[in-house]
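A short worksheet on the structure shown next.
The values are calculated or read from the model by the stated rules, or taken from the named source; none is laboratory data. Owing to the predicted nature of the structure, the values given are computational and were not obtained by experimental measurement. Virtual Cβ from ideal backbone geometry, glycine too; neighbours counted across all protein chains shown.
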Amino acid sequence: MLNQFSRTQLIYGEEAMGRLASSRVAVFGIGGVGGYVVEALARSGIGALDLIDDDKVCLTNINRQIIATRKTVGKYKVDVAEERVHDINPDCKVMAYRTFFLPQTCDQFDFHEYDYVVDAIDTVTGKLAIIEKAKEAGVPVISSMGAGNKVNPAMFEVADIYKTSICPLAKVMRRECRKRGIDSLKVVYSKEEPRRPLEDMSISCRQNCICPPGTVRKCTQRRDIPGSTAFVPSVAGLIIAGEVINDLTGF
């Protein structure tokens with residue numbers, strides 16, 4: 001029967017589409033990278049999605065995050081993403097968690113319930129906790145390395161963490177994975193040297209924050225607030241989604 005996934009089925013076949021429909025994928029981090037992961041998974045026919053992020057859409061997200069529009073500013077990202085997924089596929093089961101994932105909050109999630117895990121968060125401690133929990137549960141996991149301060153989407157590669165280079169985040173993750181005895185980890189990373197963001201206080205979140213009063217601001221706690229584009233994080237997210245779909249279908 002003709003449906004919204006018929007063109008995908010022409011590539012993968014009916015059996016593979018059935019696998020996707022019965023799969024449950026957790027996406028940690030619904031930002032520039034994770035938002036596009038969710039978008040592509042929903043459009044590929046994944047049957048269940050767990051969306052984890054405690055952040056709200058900010059005006060400064062509009063330049064790169066698919067869920068960010070003038071209408072969604074101020075709303076929780078997971079809520080916006082859930083509505084968008086259901087607009088694409090009403091049959092997709094969505095669990096939305098307004099949670100900042102850290103080792104202290106990881107017990108809220110049973111990784112045995114997932115068929116695949118996507119790590120698209122920024123904090124090293126959180127990334128490591130996701131990876132360790134997925135490995136313990138025997139669930140495939142793919143991790144996004146740094147996508148900020150870069151302008152060449154053609155520089156992304158899929159590799160094991162121990163075969164990465166250039167990316168500063170990947171360097172830290174290699175060291176920390178080795179300490180924890182993690183012997184392999186599929187990642188998407190860029191070989192492009194990151195640029196140092198300009199120090200322009202006239203457009204800096206540090207001095208011109210537009211978040212509502214009382215908002216816990218993690219972005220201004222960084223040494224540098226990273227620059228970003230519309231076309232780099234999106235490519236990383238789509239590459240990750242492609243790896244998830246191909247791995248789940250055995251394509």
Conditions: (1) assigned to a helix (DSSP H, G or I); (2) closer than 20 Å to HIS112 by Cβ; (3) touching a strand residue (DSSP E or B) at 6+ places or on another chain (Cβ under 9 Å). ARG19 meets all but one. Number of the miss? (3)
Among the residues of region 174-200, how many are hydroxyl-bearing (Ser, Thr, Tyr) and in contact with a strand residue (DSSP E or B) (Cβ under 6 Å, 6 or more places away or on another chain)? 2
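Can you tell me which residue in region 127-138 is surrounded by the most Cβ atoms within 10 Å (Cβ to Cβ), limited to those that are small (Gly, Ala, Ser) and over 16 Å from LYS179 (Cβ atoms)?
Filtering first and then ranking leaves ALA134.
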Quick one: in region 104-128, of everything that is part of a helix (DSSP H, G or I) and of a type in the set (Asp, Glu), which residue is modelled with the lowest pLDDT? ASP107
Here's a check for you: in region 52-80, which residue that is of a type in the set (Lys, Arg) and without any contact (Cβ under 8 Å) to a residue 60 or more places away in the chain is nearest to ALA129 (Cα to Cα)? LYS77
Residue check, VAL124 touching a Leu at 6+ places or on another chain (Cβ under 8 Å), crowded, with 19+ Cβ neighbours inside 10 Å and free of Cβ contacts under 8 Å to residues at least 60 places away in the same chain: no
Please give the number of the condition VAL141 fails out of (1) in contact with a Lys or Arg (Cβ under 8 Å, 6 or more places away or on another chain); (2) buried (at least 21 other Cβ atoms within 10 Å of the Cβ); (3) of a type in the set (Val, Ile, Thr); (4) closer than 24 Å to PRO226 by Cα. (4)
Failed condition for TYR116, given (1) touching an Asp or Glu at 6+ places or on another chain (Cβ under 9 Å); (2) surrounded by fewer than 19 Cβ atoms within 10 Å (Cβ to Cβ): (2)
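One line per residue, one yes/no per condition, for (1) modelled with pLDDT of 65 or more; (2) in a helix (DSSP H, G or I); (3) loosely packed, with under 15 Cβ neighbours inside 10 Å:
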| site | (1), (2), (3) |
| --- | --- |
| GLU176 | yes, yes, no |
| TYR189 | yes, no, no |
| PRO194 | yes, no, no |
| ILE210 | no, no, yes |
| PRO213 | no, no, yes |
| ASP224 | yes, no, yes |
| ILE245 | yes, yes, no |
| PHE251 | yes, no, yes |
Within region 95-107, is there a residue that is among the hydrophobic types (A, V, I, L, M, F, W, C), surrounded by 15 or more Cβ atoms within 10 Å (Cβ to Cβ) and over 26 Å from LYS171 (Cα atoms)? yes
Any pair with Cβ under 7 angstrom, 6 or more apart, that starts in region 223-251 at a residue that is within 19 Å of VAL187 (Cα to Cα) and ends at one that is among the polar types (S, T, N, Q) and part of a loop (DSSP other than H, G, I, E, B): LEU248/SER23
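Filter region 48-103 down to the residues that are part of a helix (DSSP H, G or I) and basic (Lys, Arg) and list them by number.
From region 48-103, those part of a helix (DSSP H, G or I) are 59-61, 77-88; that's our starting set.
Selection gives LYS77, ARG84.
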Among (1) in contact with a helix residue (DSSP H, G or I) (Cβ under 7 Å, 6 or more places away or on another chain); (2) closer than 18 Å to ALA236 by Cβ, which single condition is PHE111 missing? (2)
Across region 144-165, the tally of residues that are surrounded by fewer than 15 Cβ atoms within 10 Å (Cβ to Cβ) and of a type in the set (Ser, Thr, Tyr) stands at 1
